[in-house]
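Trainee: Structure below; questions to follow.
The values are calculated or read from the model by the stated rules, or taken from the named source; none is laboratory data. Everything numeric in this text was worked out from a predicted model, so none of it was measured. So basically every Cβ, Gly included, is an ideal-geometry build from the backbone, and we count neighbours across all protein chains shown. Surface areas here come from the heavy atoms of the whole protein model, side chains and all, with no ligands, DNA or RNA. Shrake-Rupley method; radii C 1.70, N 1.55, O 1.52, S 1.80 Å.
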Amino acid sequence: MDKMRISGGIPLKGKVRTQGAKNAALPVMASCLLLKGRKMTLDNVPHLQDVETMMELLRSLGVAVTRSGSGIVLDVPETVSWEASDALVRKMRASSLVLGPLLARCGQVVLPLPGGCSIGSRPIDLHLKGLTQMGAKIEIRNGRVYAQVERLRGRRIYLDFPSVGATENLMMAAVFAAGETIIENAAREPEIENLAAVLKSMGVQVDMEGTGCVRVKGVEDVHNCAERVIPDRIEAGTYILAGIMTSGEITVEDVIPEHIDALLAKLEEAGASFSVNRSASRNAVVVHPVKKLKPISLKTMPYPGFPTDLQPQMTAALTTSSGVSLVEESVFQARFLYAAELGRMGANIDIKGDTAVIKGVDSLDGASVKATDLRAGVALILAGLAAKGETRVENMEHVLRGYESIDTKLRALGADVAFETGER
Ligand code: EPZ
């Protein structure tokens, strides 16, 4: 399972259904720690490595987590452990999302500092600064965060950067705080709204206002809740780009079009052809074939700007456009590692500071390439689907963290892909 073989050049055809959003499921699962002797039922939870890791982490803290069909049930005991294990936190950075709920529920937490990864150092200073402002005593020693507080106090907190994780941790920390917490310059990603909906269904008063300001009024206790995870806008965007890059005709179902506005706007600018079908039960985006994309310029931004998690995939699509495109990465420090791998396939990409200059080439050629992170890995798969000949993408464990059944889904669209193990 460590590499995927792709025989490229086949136009994709057919339907693919979007999974539940990984980046919504993870914070929502962590929020179950706010419950005490109660249950959370979540539907549309994707079968992903990162979700398994979060389930393992919650079990290690005392939560009974069971899968039931497309969902999970999280049964939270009266008391949970407030010490997260190094192994699990180092395995997945999103483990730091237990910080807020554990501090709110238990008044203390020991959390190993999450590591950096190939896209940047990824500190949690904004999380810790906000919790300190709410009255927590925080120490960092031996690579761990030691946090404790009698009871957090509601505060007005201004985030220096609209950090998704910091917004989520502070929203959860505010649930039992004395008074109201107002988070300004908060992240506005749809996954935050999903978390707000879950907190509301627990009995918490959360106002998102949609203006980058989140208000949370502290309560005495919270109760059972049952909610659904929103569709994964990044997976949806990835398959839309797969259809475009192979000049295919595919339908991506269970999409919330507003969540991928920036992507659709840039694709329209690049001359892609697609339609958005809205229906009561399920929205879909239908991709129609085009010969070549026109070159464009884009800059990744916090939501509702162009999402950084679709930057590698969009760059891959622009490698065969009819001109020179510019892609600027403004969210992470180093998210162009994959460009050299695309270069092995014939792409012409020059990285100048935080901008990729992409000169369109006629076509890509299959090659052996290595995934360096989740989105870079899937960008290489997209390139392999479009390229002539055979591509092998190694280190597929990165991709399996965020793309449910990606081989099955691609084969259902007519792609010739298969996992391989060992040396070939
Ligand atoms: C979330 O990460 C997502 N992960 C990321 O998706 C996504 O790329 C990112 O938001 C931006 O949209 C999950 O939701 C599990 P941030 P997060 O805090 O919360 C800096 C994927 O592929 N920063 O908004 O870690 C940070 O270094 C992953 O699914 C600080 O400096 O993102 C980065 O440069 C990758 N200090 C920027 O802000 C802090 O305390 C954005 O980080 C926090 C963040």
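Trainee: Looking only at region 69-80, filter to residues that are in a strand (DSSP E or B) and open to solvent by 20 Å² or more (accessible area, probe 1.4 Å); which one of those is farthest from A226 (Cα to Cα)?
Mentor: Filtering region 69-80 for residues that are in a strand (DSSP E or B) and open to solvent by 20 Å² or more (accessible area, probe 1.4 Å), the one farthest from A226 (Cα to Cα) comes out as D75.
Trainee: Any idea which residue in region 121-150 is nearest to the chain's Cα centre (by Cα), counting only those that are open to solvent by less than 80 Å² (accessible area, probe 1.4 Å) and at positive phi?
Mentor: Looking at the filtered set, the residue picked out is R122.
Results for (1) assigned by TED's automatic domain parsing to the domain that holds S405; (2) open to solvent by 10 Å² or more (accessible area, probe 1.4 Å); (3) within 14 Å of H127 (Cβ to Cβ); (4) hydrophobic (A, V, I, L, M, F, W, C), shown as yes or no for each residue.
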site	(1), (2), (3), (4)
E52	no, yes, no, no
S60	no, yes, no, no
V63	no, no, no, yes
R67	no, yes, no, no
W82	no, yes, no, yes
A87	no, yes, no, yes
V109	no, no, yes, yes
L113	no, yes, yes, yes
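Trainee: Could you list, in sequence order, the residues of region 359-396 that are touching a Pro at 6+ places or on another chain (Cβ under 8 Å) and closer than 24 Å to K294 by Cβ?
Mentor: Answer for region 359-396, where residues must be touching a Pro at 6+ places or on another chain (Cβ under 8 Å) and closer than 24 Å to K294 by Cβ: G360, R375, V378, A379.
Trainee: Next question. Do you know which residues across region 21-36 are open to solvent by 10 Å² or more (accessible area, probe 1.4 Å) and more than 14 Å from the ligand (Cβ to nearest atom)? Give the steps one after another, and end with the answer.
Mentor: Going residue by residue through region 21-36, those that are open to solvent by 10 Å² or more (accessible area, probe 1.4 Å) are 22-23, 36.
Scanning region 21-36 gives a single hit, K36.
Trainee: Got a sec? Which strands (runs of 3 or more DSSP E) wholly within region 246-336 have at least 3 residues that are open to solvent by 20 Å² or more (accessible area, probe 1.4 Å)?
Mentor: Once the strands (runs of 3 or more DSSP E) in region 246-336 are filtered for at least 3 residues that are open to solvent by 20 Å² or more (accessible area, probe 1.4 Å), what remains is 249-253, 273-277, 324-328.
Trainee: Is it true that some residue in region 194-203 is of a type in the set (V, I, T), in contact with a strand residue (DSSP E or B) (Cβ under 9 Å, 6 or more places away or on another chain) and part of a helix (DSSP H, G or I)?
Mentor: Within region 194-203, one or more residues are of a type in the set (V, I, T), in contact with a strand residue (DSSP E or B) (Cβ under 9 Å, 6 or more places away or on another chain) and part of a helix (DSSP H, G or I).
Trainee: Continuing with the same structure: Can you name every residue in region 178-203 that is away from the ligand (no atom under 15 Å from the Cβ) and crowded, with 23+ Cβ neighbours inside 10 Å?
Mentor: Matches in region 178-203: T181, L199.
Trainee: May I pose another question? Could you tell me whether any residue of region 400-410 is assigned by TED's automatic domain parsing to the domain that holds D365 and within 22 Å of D362 (Cβ to Cβ)?
Mentor: no
Trainee: So which of V110, V98, V89 is in a helix (DSSP H, G or I) and either of a type in the set (F, W, Y) or at pLDDT 95 or above (or both)? Even if it seems obvious, please write down each step before you answer.
Mentor: Numbers: V110 fails: in a helix (DSSP H, G or I); V89 fails: either of a type in the set (F, W, Y) or at pLDDT 95 or above (or both).
After applying the criteria, what remains is V98.
Trainee: Quickly run through region 381-424 and pick out the residues that are within 23 Å of A347 (Cβ to Cβ) and open to solvent by 30 Å² or more (accessible area, probe 1.4 Å).
Mentor: Of everything in region 381-424, those that are within 23 Å of A347 (Cβ to Cβ) and open to solvent by 30 Å² or more (accessible area, probe 1.4 Å) turn out to be A386, K388, G389, E390, R392, E394, N395, H398, D416.
Trainee: Need at least 3 residues that are away from the ligand (no atom under 14 Å from the Cβ) and closer than 14 Å to L99 by Cβ per element, so show me which strands (runs of 3 or more DSSP E) inside region 126-177 make the cut, counting only ones lying wholly within it. Steps first, answer last, please.
Mentor: On the way: elements: 137-141, 144-148, 156-158.
By residue number, 144-148.
Trainee: Here's something else I'd like to know. For L12, work out the one condition from (1) within 30 Å of D416 (Cβ to Cβ); (2) within 16 Å of the ligand (Cβ to nearest atom) it doesn't fulfil.
Mentor: Going through the list (1) within 30 Å of D416 (Cβ to Cβ); (2) within 16 Å of the ligand (Cβ to nearest atom), L12 breaks only (2).
Trainee: Looking for whichever is more than 17 Å from the chain's Cα centre (by Cα), at pLDDT 95 or above and assigned to a loop (DSSP other than H, G, I, E, B) here; the options are G346, G384, G422. Which one fits? Steps first, please.
Mentor: On the way: G384 fails: assigned to a loop (DSSP other than H, G, I, E, B); G422 fails: at pLDDT 95 or above.
Exactly one residue qualifies, and that residue is G346.
Residues checked against (1) away from the ligand (no atom under 12 Å from the Cβ); (2) of a type in the set (F, W, Y); (3) closer than 26 Å to E193 by Cα:
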| residue | (1), (2), (3) |
| --- | --- |
| K299 | yes, no, yes |
| P304 | no, no, yes |
| M314 | yes, no, yes |
| A317 | yes, no, no |
| S330 | no, no, yes |
| A339 | yes, no, no |
| K359 | yes, no, no |
| A379 | no, no, no |
| L382 | yes, no, no |
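Trainee: Has region 37-44 got any residue that is part of a helix (DSSP H, G or I), among the small types (G, A, S) and open to solvent by less than 50 Å² (accessible area, probe 1.4 Å)?
Mentor: The answer is no, given that none of the residues of region 37-44 is part of a helix (DSSP H, G or I), among the small types (G, A, S) and open to solvent by less than 50 Å² (accessible area, probe 1.4 Å).
Trainee: Please go through region 361-377 and give me each residue that is within 16 Å of the ligand (Cβ to nearest atom) and either open to solvent by less than 10 Å² (accessible area, probe 1.4 Å) or under 21 Å from S247 (Cα atoms) (or both), ordered by number.
Mentor: Within region 361-377, the subset within 16 Å of the ligand (Cβ to nearest atom) is 371-377.
A371, R375, A376, G377 - these are the residues of region 361-377 that are within 16 Å of the ligand (Cβ to nearest atom) and either open to solvent by less than 10 Å² (accessible area, probe 1.4 Å) or under 21 Å from S247 (Cα atoms) (or both).
Trainee: Ok, one more. Is at least one residue of region 222-230 within 30 Å of T355 (Cβ to Cβ) and crowded, with 17+ Cβ neighbours inside 10 Å?
Mentor: Going through region 222-230, the residues within 30 Å of T355 (Cβ to Cβ) turn out to be none.
Within region 222-230 (the criterion being within 30 Å of T355 (Cβ to Cβ) and crowded, with 17+ Cβ neighbours inside 10 Å), the answer is no, since none of the residues qualifies.
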